[in-house]
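Enquirer: Following this message is one structure expressed as structure tokens.
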Amino acid sequence: ALILRAKNRGEGDVSSFKALCVALAATIGTGNIVGVATAVKVGGPGAIFWMWMAAFFGMATKYAEGLLAVKYRTTDERGDIAGGPMYYIRHGMGEKYRPLAGFFACAAVLVAFFGIGTFPQVNAIVDSAELSFGVPRLVTDIALTVLIAAITIGGLQSIAEVASRIIPFMAVLYIVISVGIIVMHIDGIPAAIGLILDGAFTGTAAAGGFAGSTIMMAMQNGIARGVFSNESGLGSAPIAAAAAKTKEPAEQGLISMTGTFIDTIIICTMTGLVLVLTGAWQSDTAGAAMTGAAFTGAYGHIGGALLTVSLALFAFTTILGWNYYGERAILYLAGVRAILPYRLVFIALIACGAFLKLEAIWVLADIVNGLMAIPNLIALIALSGVVVHETHRYFEKLERGRRFMK
């Protein structure tokens, strides 16, 4: 209701719903399927509980990010709305922190080029198409590159339009097929919840050679995969939130919170419950293959195909979302003249992504993710007083409105 009420109120480039969809496009990715499977494999079912904890605190972080993004947003040289951590660092903390804002923007471009926005997602798509449907990697890669190029040339409006149509469909599709498996094993839900809680606080032995997974392993993997999945604290989502048509910073903060809830509390939980209920977490498989085994066991070959489609959609929208984030960062650093070269490099990296080995890329991705999060977290702490003030002002305004209506 809040998302619909905020639509087309105030300055902005897109509705609050579309801004949320752009953020979810980048957030909901292969981590919701592969990441959860990896966490449960290594940390046991207890990792799911710590994902919930990461989401709980992550929602507060996303609220602050969304609020600050709208409060300190401005317009760029083209007249478009511009916002995000680089702007609330510079305008909220002061000009002397301009180098910190630039540091964040540089890290954001690196993440878009070499991190979770490109190579892992491209590999997920081409691998899925090859394994499930026998489509050659080159064919999938060419089709993906052309499609990404066509959409990204249209900028935010094009990306937001595509995201607002794909995100609801792919989320509902994945939730429905996951709920179907959960219903098939409904009698096992109490035992599954017991395993999750027991594993979170006492440690549950994970399968596949990981003897005696400890509480620390469950906590470490659950929190790490939860944060990786919902991107809370990374500073990416507020770049999209800044473009929302809303007058109230706190209102957009509340809307931004829902992204973490949808990503982790709903979608990641669906994956986790499916793995625990079907016993797939104890198999010899890992990652997408583990989740695929659970879906194939429930629905046959069509289950594997549905999972492949879900995985491909998740990865595709992540590419779109991170393309936009990187573009806004390069615009902050070098202006409009840098946008076309950025898009060409991004498209070229998509074309190369299907044929690169991921081992070194994951190391680089972890490094640039950390570099991106550090300046954003510094800003959130420094501007916490602003967040508190704006929150009080917003809810006092709502209370006055209710009294007036009475």
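Values in this text are rule-based calculations from the coordinates and carry no lab data. Quick caveat: nothing in here was measured; it's all calculated off a predicted structure. Note that each Cβ is placed from the backbone with ideal geometry, even for glycine, and that neighbours are counted across all protein chains shown.
Enquirer: 7 Å from Cα along Cα→Cβ at both Asp76 and Lys96: what's the point-to-point distance in nm?
Expert: 3.0 nm
Enquirer: To the nearest 10 degrees, how steep is helix 301-334 against the longest Cα principal axis of the chain, on a 0 to 90 scale?
Expert: Taking the Cα atoms of the chain, the angle to 301-334 is about 30 degrees.
Enquirer: What are the equivalent ellipsoid semi-axes of the stretch 270-373, built from the alpha-carbon gyration tensor (square roots of five times its eigenvalues), in whole angstrom, biggest first?
Expert: 35, 15, 13
Enquirer: While we're here: Relative to the first principal axis of the alpha-carbon coordinates of the chain, what is the inclination of helix 339-353, with its axis defined by its Cα atoms, in degrees from 0 to 90 and to the nearest 10?
Expert: Taking the Cα atoms of the chain, the angle to 339-353 is about 10 degrees.
Enquirer: Trypsin sites (Lys or Arg not before Pro) within the stretch 77-182: which are DSSP loop residues with at most 12 other Cβ atoms inside 10 Å? Write down the numbers at each step before the final one.
Expert: On the way: sites: Arg78, Arg90, Lys96, Arg137, Arg165; in loops: Arg78.
Listed in order of number, the matching sites are Arg78.
Enquirer: Hey, another quick one. Determine, for each peptide in 20-32, 264-276, the mean count of other beta carbons within 10 angstrom over its residues, then list the peptides with the highest first.
Expert: Final packing ranking: 20-32, 264-276.
Enquirer: Would you tally the net charge around Phe103, using a Cβ to Cβ cut-off of less than 14 Å, leaving Phe103 out, and scoring K and R as +1, D and E as -1?
Expert: In short, +3.
Enquirer: For the stretch 259-323 and the stretch 39-103, what is the separation of their C-alpha centers, rounded to whole Å?
Expert: After rounding, the separation between the Cα centres reads 26 Å.
Enquirer: Tell me the angle of helix 287-299 to the major Cα principal axis of the chain, expressed in degrees between 0 and 90 and rounded to the nearest ten.
Expert: Helix 287-299 sits roughly 60 degrees off the main axis of the chain.
Enquirer: Sticking with this one: Defining a contact as two alpha carbons under 8 Å apart and six or more residues distant in sequence, what relative contact order in percent does the chain show?
Expert: Here the relative contact order equals 38 percent.
Enquirer: Which value in deg cm²/dmol, rounded to the nearest 500, describes the helix-derived mean residue ellipticity at 222 nm for the chain, given -39,500 (n - 2.57) per DSSP H run of n ≥ 4 and division by the residue count?
Expert: -24500 deg cm²/dmol
Enquirer: List the chymotrypsin sites (Phe, Trp or Tyr not before Pro) in the stretch 285-381 that DSSP assigns to loop (not H, G, I, E or B) and whose Cβ has at most 13 other Cβ atoms within 10 Å. Which are they?
Expert: Phe355
Enquirer: Hey, what's the per residue convex hull volume over the C-alpha atoms of the stretch 2-405, in cubic angstrom?
Expert: 140 Å³
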